[in-house]
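To start, the structure under review is shown below, and the notes come after it.
The values are calculated or read from the model by the stated rules, or taken from the named source; none is laboratory data. Only a predicted model underlies this, so the values are computations on that prediction, with no experimental measurement involved. Because the Cβ atoms are built from the backbone with ideal geometry, glycine has one as well, and the counts that use them run over all protein chains shown. Remember, those area values only see protein heavy atoms, side chains included, never the ligands or the DNA or RNA. Shrake-Rupley method; radii C 1.70, N 1.55, O 1.52, S 1.80 Å.
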Amino acid sequence: DAGVIQSPRHEVTEMGQEVTLRCKPISGHNSLFWYRQTMMRGLELLIYFNNNVPIDDSGMPEDRFSAKMPNASFSTLKIQPSEPRDSAVYFCASSSSGREYEQYFGPGTRLTVT
Amino acid sequence: RKEVEQDPGPFNVPEGATVAFNCTYSNSASQSFFWYRQDCRKEPKLLMSVYSSGNEDGRFTAQLNRASQYISLLIRDSKLSDSATYLCARLAGYSTLTFGKGTMLLVSP
């Protein structure tokens with residue numbers, strides 16, 4: 001079975017550019033999470049969707065970040081404009097209803113903003 | 001005080017050793033805790049849940065101490081393959097996890 005799929009795996013971009021990260025959750029999972037991981041701050045939850053609806057976006061750093069989930073099999077995290085401090089590994093994770101603690105993470109997107 | 005705190009380590013142990021590390025939490029209302037394992041440059045994976053009565057899975061034992069507000073992970077007979085970063089997580093509400101920064105374990109031959 002395919003796990004959580006993320007693309008791209010690596011992204012290098014210049015400050016000010018728009019970055020779009022993509023995620024395909026595990027089929028049948030109805031909860032989706034976007035995280036950011038850095039050495040300084042660890043693994044931080046950015047936003048949580050349930051049944052394609054954003055439930056908790058309190059972790060989204062600022063208006064430059066936006067996330068969408070147009071259907072059960074696809075989500076995007078967009079940063080516009082990007083800044084060097086956005087450099088991090090961005091993980092997408094999914095889980096099934098009632099087992100939100102058992103999250104399956106994708107391989108992550110390593111973002112570098114120069 | 002951060003919600004979930006861990007000693008970053010690294011904990012350096014020889015193969016076969018027993019090692020334990022703790023994770024403290026600040027929200028006394030927290031009910032559910034978990035240990036995740038993250039290999040270098042990989043994604044986190046659920047290792048085990050932590051129950052009040054303790055939870056054992058092979059060489060791994062997880063415990064919850066509510067009075068002192070910490071959870072622990074004990075690894076017996078360490079293997080080289082146990083080298084990883086171990087993240088503790090608290091279930092916030094019913095749906096989201098708050099993670100610690102992780103404790104790095106290095107098992108050497």
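General observations
- Residue-normalised accessible area of chain A, expressed per residue, 1.4 Å probe, Å²: 50 Å²
- Percent carbon-and-sulfur accessible area, chain A, ignoring ligands, DNA and RNA, probe 1.4 Å: 49 percent
- Complex-versus-alone comparison for segment A:94-114, residues with a loss of 30 Å² or more in accessible area, probe 1.4 Å: A:100, A:101, A:103, A:105, A:110
- Distribution of pairwise C-alpha distances over chain A, 5 Å bins, in %: 2, 13, 24, 27, 19, 10, 4, 1, 0
- Cβ-Cβ FRET estimate between residue A:10 and residue B:7, R0 fixed at 41 Å, reported to 0.05: 0.85
- Computed over chain A: relative contact order in percent, which uses C-alpha pairs under 8 Å that are six or more apart: 37 percent
- For segment B:1-81, the list of trypsin sites (Lys or Arg not before Pro) that fall in a loop by DSSP and count at most 15 other C-beta atoms within 10 angstrom reads B:1, B:2, B:41, B:42, B:59, B:66, B:76, B:79.
- Taking all protein chains together and a 1.4 Å probe, the residues B:18, A:109 rank B:18, A:109 from largest to smallest accessible area.
- Solvent-accessible area per residue for segment B:1-66 (1.4 angstrom probe, square angstrom): 56 Å²
- The mean count of C-beta atoms from other chains within 10 Å of the C-beta of residues in B:85-94, rounded to a whole number, is 2.
- Along the axis of the charge dipole computed for segment A:37-114 (Cβ charges of +1 for Lys and Arg, -1 for Asp and Glu, origin at the Cα centre), the listed residues A:107, A:51, A:71 are led at the positive end by A:107.
- In segment B:15-66, the alpha-carbon atoms span a convex hull of 110 Å³ per residue.
- Note on segment B:1-45: Rg/Rh from C-alpha atoms, Kirkwood Rh, equals 1.01.
- Max-minus-min Cα coordinates of the protein assembly as shown on each principal axis give 49, 39, 36 Å, with the largest extent listed first.
- With a cut-off of 13 Å between beta carbons, the residues surrounding residue A:18 carry a summed charge of -2, where Lys and Arg count +1 and Asp and Glu -1.
- Inverting the pair-averaged 1/r between distinct Cα atoms of chain B gives 13.9 Å as its Kirkwood hydrodynamic radius.
- Projected label distance in nm at residue B:65 and residue A:64, using a 7 Å step from Cα toward the beta-carbon: 4.2 nm
- For residue A:55, the accessible surface of its heavy atoms amounts to roughly 100 Å² (probe 1.4 Å, protein chains only, rounded to the nearest 10).
- In segment A:1-54, GluC sites (Glu not before Pro) in a DSSP loop with at most 11 other beta-carbon atoms within 10 Å: A:14, A:18
- The mean count of C-beta atoms from other chains within 10 Å of the C-beta of residues in A:52-58, rounded to a whole number, is 1.
- Taking a quarter of the surface of the Cα convex hull of segment A:73-114 gives a mean projected area of 3.8 nm².
- Beta bridges by DSSP in the protein assembly as shown, antiparallel share as percent, to the nearest 5: 90 percent
- Heavy-atom SASA rank of B:57, A:63, B:82, B:39 (probe 1.4 Å, accessible area, largest first): A:63, B:57, B:39, B:82
- Counting only DSSP beta bridges whose two residues both lie in chain B, roughly 90 percent are antiparallel.
- Excluding same-chain neighbours fewer than eight residues apart, the lysines reachable from residue B:2 by a Cα-Cα span under 23 Å are B:45, B:101.
- Length-normalised contact order of chain B in % [C-alpha pairs under 8 Å, at least 6 apart]: 37 percent
- Protein heavy-atom accessible area occluded, B/A pair - total, 1.4 Å probe, Å²: 1500 Å²
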